[in-house]
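Student: Let me give you the structure first, and then I'll get to my questions.
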Amino acid sequence: MDWYMMNCELLATCSALGYLEGDVYHREPDCLESVKDLIRYLRHEDESRDVRQQLGAAQILQNDLLPILVQYPQDKVLFDAIVRLMVNLTQPALLCFGKVPVDAASRHHFLQVLSYLQAYKEAFASEKVFVVLSEKLYDLLQLDWEQRQEEDTLLIERILLLLRNVLHVPPDPTEEQGVDGDASVHDRVLWALHISGMDDLLKFLASAQVEQQWALHVLEIISLMFRDQNPEELAALGQGPAGAEHGEDTRELETLRQRELAEKRARALQRPSRHSRFGGSYVLQGLKSIGDRDVVFHKGLHNLKSYSHDLGKEPQRVPRRRQAAPESEPSRRSARNVRLFLRHFCQDFLEGCYNRLMLLVKDQLVREKAQQHDETYYLWATAFFMAFNRRRGFRPELVSETVSVRAFHFIEQNLTKYYEMALMDKKEATTWARRMHLALKAYQELLRTVQEMDRCPEQAVRDSSQVIKSNIFYLMEYRELFLTLFRKFDETKQPRSFLRDLVETAHLFLRMLERFCRGRASLVVQSKRVRRKKKPRAPTAVAPPPPSTAELEELWAGLAPQLQACLEGEVPLPEDVVPFDAASETPVEEQRAEALLRIQGCLRRSQVPQALRLLRSARDVWPEGDVFGAADAGPPEETRLLREILVAPLPQNAPPEPEEPEDEEEEDEEEEEQTVQVSEKEFNFLDYLKRFACAPVVRALVLLLRGYARNSPRTNHCAARLLHRLARDLRMEPLLFQLSLFALFHRLLSDPAAGAHQELVALAKFILGKFFALAATNKKAFVELLFWKNPTAVCEMTKGYSSLQEGEGAPRSRVPPWTPQEEQELRELYWKYKEVEGEDVIAAILAHLPAPGRTRRQVVKQLVRMGLASSARDFPRERKGTRIVLWTQEQEEELTRLFEEFQGSDDVLGNILKHLTARRSRARVVEKLLGLGLVSERKELYKKRRRKSHGHGPGTAAAGVQAVPAQDSSAEDEDSEEEEDEEDEMEEGPMEENWAPEEGAGQGLAQRLHQEGLAGPLRWLENCLRRAAGDREEDGVSHPVPLVPLAEENEDAMEDRRFQSLLRQLGLRPPASEQESFWRIPAALTPQQLRRAAASVAHHGPDPSGSPRDLPEPPQCPQDPGPEELPAELGSDSESEEPVPVPVPSPVQSGTKRRWELDSEDEDGGSSAPSPLPPLPGPGLAPAAPCSEEDEEDEDPQPRGRRKRIRCLEEDEEEEEES
């Protein structure tokens, strides 16, 4: 369609507006009605915006509307209509179309509307138009609230919207191709706005108490005014000589000049002494061509350096989805007079409007009174005006509203929200990335302002800066923010400018954090850990006990009159009762049994009409066998049948068990719920810096440095400093041994203008020197160049590829590795049982696998890894339960026989389930046993558990047998995660302060924790208890003493459920509320009780160390050292401290009888004499890794004897219960 051919109605309406003669516009009598008609036409335009395009092609705004506005401002009604029409016509194209169209036709319409908007903006670059608008706005603002009508308020809003629409129009890159300093269309609009005095009205609206409702409109207009401006360049305008303003341009020109001179010198050296038409042909030895021969070079030797295999090849086309994100509009330097006017506007705005306006906008955003995404204007204003204030002459009182912990929190919240939305909303990821960039720049400017406050001469300002930094560095969200942004950086969604600001902000944050830690002996920060806790499965619904015969007879007596009424037809029967479902997968026989159960259920619920209708319908479906009566059964026969069904002991359907999910990785996993545990720990800057030693961070820095020639000196400095921290401070130089980074170093060192990047050149030489030094000893370093590395690979490259053994450089894996012999045995078992029909292959392999301790999941994963199976779906787990409802007579007899056979065993139900021919679920078997009368209650089927006696008599501990429910937790099941969670929930209640532990409480659990590698935390706990006992004896006053773990090992132990269970057994109190973070030694515990608790924690088993500290201490030992005799290291958290021996009597006299019996009974040899103490690591050495149980057995001079047998017996019982 030709938009220049206007619709006849539109053409007639536009002709009725008037005509322009010279500079005078003559309006027609129907001018006002024509304007209203145009507004009506725009309201009903189609999706292509045809009316808008026709009016733009006819230039109605330039030729008619603006002249009417200028010449007839006194006509209030016409002026209002003209402003309404111009607001509609200048509406942004994005608001007209919703988004940038994808299809070609709609995109063409979008670009056409955009071109008309650009023409409108050029027409508005007139002083006359803005003078009329500013005078009208001034007159309206002079009115008091009592005199201001609703039409006046609407006109004020429309004038502000018109100004917003005009400033929002983007520049036309094809028309505006002037150099910096030329006046663009946007500059001319700003100058006209300034000449008319509209900028003063905007400042009045921002500062006036009675004009608060226009706060967001004003902030949006101001953000559009400064769209192309750089705050630092604007602040530097007019400071010093004129040449200082062009310092950056001078440096850039000098760099280009050096590069040009170097190229001239290179060409002069390449020019031969005399001209030759024959350049010659050369063979490049060692450089293969497409075939097996060497490359033949047909040019002169001076062109050899430019040779590449890629010469003559077409560059590979990059798909659109993998192209780098486009940069935002490049900043352009406006005319000098415009920049001077904007600088004065910034100064006045900061002094009189900034704090008040930002407070109002923040309040509207928090109360959700603003429109969606209006917080972006707040973020822009924070970054722009704080940068201007910092560069112009820092005055913190001018930006006090946005320099606070609340401002940091608000910006961090929005930054996190934008980051999460960019990950979820893939289609609008680019838009969310732009918003995230705005939030990042605001965050960066806040950090720079806080840094500038540290240099302020006023002590109050410096103290405020310290308070803000202590709050920011304490919270984990602020410290983890940059790591998250680095790891999730995507160059296809986020532009290079975002990466530049991210690197600069991260460098600033690290430098401030390092200086903050340097002036303190220790820094305690908040730490959050996500705790995954398995939800207990919903208990199986238990059917109510069947009613007795007397109850059924009484029920039948009440149902008889109602049944008689139904049989006689007095009560209508329902018609929607169907006993049979032909589409169901349930067999017909089972549906017949279910029909009987439904009839019985209706009768027992006193639903006689439904029961009678079900009986008659089932008789029609299953006439054979007269199960539901004969076909010609009368009322007496039906009454007899219903009575028999009511009192019959029919098997009740057990609730169906939930099916297990068929997941490739997780099998038989229970649902998990996540809880966040908040704790405090001592902060270590190098440990935090190690978090940045990962491939995503290094990859992002290398990507930024590829454009080092275009980057600013500050950007290159920040990137180089971050790489230097990773390589030098962490001593991880191999982390930067990467081929793409080395190619960048090669391009940098061969650059003629490399003198302008001395810091990068020094870094390149340092990294290359370290690489060649390592390559002399590790020849695989050249291959490692192809891969991005992590700290583990760095350790292997420097210390050897076999350095990371179990327990040395990496944490021990919970899954033991598969040896070649085990893999061969697994392969043979798989081929042996693969073809056996009706048998679970994995179960058969587990039953015959020589190496114990393997789980089903580990075997399946190894089979997939060895290529014997494609995925874990090839081995589906056997379904638990069954759909069989009816029991045959043979099956009932078999169940009775099995019950009589295993009635005296510890696990009656488990043995019955193992030997049943037809597999049935546990719930169905229990229900049938109750129905047959073999057991009277479910407790008789609970598994019987053996419990150890805790007596301290001279005899051995008597073992009693007690019936305990299988789901109850016990002391022997503390290794199970599910039972630990139940213990945790049961023990969350408050503990009484006057509760005192029994003598020897927690001794067995402490020994188990010691065997599992928690010797260090147990020793620390013992020292804390002894120190608290000594302090209470010395002071004579008891106060609750918190247990503060400073070492990471002790902190992890305090979060362990079994360690917490030990603390409870010793009488210690957990945190009582959210205000407390640490466990406490209650004030009610006496020094004697504390020493007994410390003796219980001490290790009593056969230990190679043989320290006399491991012997239990008598409660009333007169040789206990006083507080003045304790060494200074007692109770400290250092892992390298020496154990402090406590003076005790001779070892023979101090040992308890229980310990003597457990150590001596059934032991063939060995001596109980203490062995020499092994050397402990010094203060500068890392503590040795805890040994595994196998290592302890090898080093133990005595076998465990009875204790070992008890432990094995407990593990066997747990395995039987799980199976």
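The values are calculated or read from the model by the stated rules, or taken from the named source; none is laboratory data. Fair warning: this is a prediction, and the values are worked out from it, not measured in the lab. Cβ atoms come from the backbone with ideal geometry, glycine included; neighbour counts cover every protein chain shown. These area figures cover heavy atoms from the full protein model, side chains too; ligands, DNA and RNA do not enter into them. Shrake-Rupley method; radii C 1.70, N 1.55, O 1.52, S 1.80 Å.
Student: Which of the residues spanning the range 469-525 are open to solvent by 10 Å² or more (accessible area, probe 1.4 Å), assigned to a helix (DSSP H, G or I), among the aliphatic types (A, V, I, L, M) and in contact with a helix residue (DSSP H, G or I) (Cβ under 9 Å, 6 or more places away or on another chain)?
Tutor: Selection gives Leu481, Met512.
Student: Continuing with the same structure: Within the range 915-925, is there a residue that is at pLDDT 85 or above and under 30 Å from Thr549 (Cβ atoms)?
Tutor: Taking every residue of the range 915-925 in turn, at least one turns out to be at pLDDT 85 or above and under 30 Å from Thr549 (Cβ atoms).
Student: Tally time: how many residues in the range 67-87 are open to solvent by 10 Å² or more (accessible area, probe 1.4 Å) and aliphatic (A, V, I, L, M)?
Tutor: Number satisfying all stated conditions: 3.
Student: Quick one: Ser617 ticks every box in (1) assigned to a helix (DSSP H, G or I); (2) under 23 Å from Pro547 (Cβ atoms); (3) in contact (Cβ under 8 Å) with a residue 24 or more places away in the chain except a single one, so which number is it?
Tutor: The number of the failed condition is (2).
Student: For the range 770-789, how many residues meet the condition of being more than 11 Å from Phe737 (Cα to Cα) and open to solvent by 30 Å² or more (accessible area, probe 1.4 Å)?
Tutor: Counting residues in the range 770-789 that are more than 11 Å from Phe737 (Cα to Cα) and open to solvent by 30 Å² or more (accessible area, probe 1.4 Å) gives 5.
Student: Assigned to a helix (DSSP H, G or I), open to solvent by 30 Å² or more (accessible area, probe 1.4 Å), out of contact with any Phe, Trp or Tyr (no Cβ under 8 Å at 6 or more places or on another chain) and at pLDDT 90 or above - does that describe any residue in the range 687-698?
Tutor: Taking every residue of the range 687-698 in turn, at least one turns out to be assigned to a helix (DSSP H, G or I), open to solvent by 30 Å² or more (accessible area, probe 1.4 Å), out of contact with any Phe, Trp or Tyr (no Cβ under 8 Å at 6 or more places or on another chain) and at pLDDT 90 or above.
Student: Under the condition of being charged (D, E, K, R) and touching an Asp or Glu at 6+ places or on another chain (Cβ under 9 Å), which residue from the range 482-516 is nearest to Leu701 (Cα to Cα)?
Tutor: Arg496
Student: Note down all Cβ pairs under 8 Å where the first residue falls in the range 766-790 and is farther than 19 Å from Val698 by Cα, the second is part of a loop (DSSP other than H, G, I, E, B) and open to solvent by less than 60 Å² (accessible area, probe 1.4 Å), and they're at least six residues apart or on different chains.
Tutor: Cβ pairs passing all conditions: Leu774/Phe737.
Student: Since Asp626 meets every condition but one in (1) more than 56 Å from the chain's Cα centre (by Cα); (2) at pLDDT 75 or above, which condition does it not meet?
Tutor: Here Asp626 meets the rest and fails (2).
Student: For the range 731-769, enumerate the residues that are among the acidic types (Asp, Glu) and either open to solvent by 40 Å² or more (accessible area, probe 1.4 Å) or under 35 Å from the mean Cα position of the chain (by Cα) (or both). Before you say what the answer is, go through the steps one by one.
Tutor: First, the residues of the range 731-769 that are among the acidic types (Asp, Glu): 733, 751, 759.
Listed by number, the residues that qualify are Glu733, Glu759.
Student: Restricting attention to the range 190-197, does a residue exist that is open to solvent by less than 70 Å² (accessible area, probe 1.4 Å) and within 47 Å of the chain's Cα centre (by Cα)?
Tutor: Yes.
Student: Does the range 672-686 include one or more residues that are polar (S, T, N, Q), part of a loop (DSSP other than H, G, I, E, B) and over 17 Å from Tyr478 (Cα atoms)?
Tutor: no
Student: Within the range 743-757, track down each residue that is modelled with pLDDT of 90 or more and over 22 Å from Arg731 (Cα atoms).
Tutor: At the first step, the residues of the range 743-757 found to be modelled with pLDDT of 90 or more are 743-749.
Once the filter is applied, which keeps residues that are modelled with pLDDT of 90 or more and over 22 Å from Arg731 (Cα atoms), the range 743-757 yields Ala743, His746, Arg747, Leu748, Leu749.
Student: Looking only at helices (runs of 4 or more DSSP H) that lie completely in the range 820-877, which have at least 1 residues being modelled with pLDDT of 85 or more and exposed (fewer than 13 other Cβ atoms within 10 Å of the Cβ)?
Tutor: Working: elements: 820-833, 841-848, 856-865.
By residue number, 820-833, 856-865.
Student: In the range 890-915, which residues are in contact (Cβ under 8 Å) with a residue 12 or more places away in the chain, surrounded by fewer than 16 Cβ atoms within 10 Å (Cβ to Cβ) and closer than 16 Å to Gly931 by Cβ?
Tutor: Matches in the range 890-915: Glu892, Thr896.
Student: Looking at (1) surrounded by fewer than 21 Cβ atoms within 10 Å (Cβ to Cβ); (2) of a type outside the set (D, E, K, R); (3) more than 19 Å from Val361 (Cα to Cα), can you tell me which one Thr449 breaks?
Tutor: In the conditions (1) surrounded by fewer than 21 Cβ atoms within 10 Å (Cβ to Cβ); (2) of a type outside the set (D, E, K, R); (3) more than 19 Å from Val361 (Cα to Cα), Thr449 misses (1) alone.
Student: Consider the range 368-406. How many of its residues are assigned to a loop (DSSP other than H, G, I, E, B) and surrounded by 15 or more Cβ atoms within 10 Å (Cβ to Cβ)? First the steps, then the outcome.
Tutor: At the first step, the residues of the range 368-406 found to be assigned to a loop (DSSP other than H, G, I, E, B) are 368-374, 394-395, 403-404.
Within this subset, residues satisfying the condition of being surrounded by 15 or more Cβ atoms within 10 Å (Cβ to Cβ) are 370, 374, 394, 403-404.
Here the count works out to 5.
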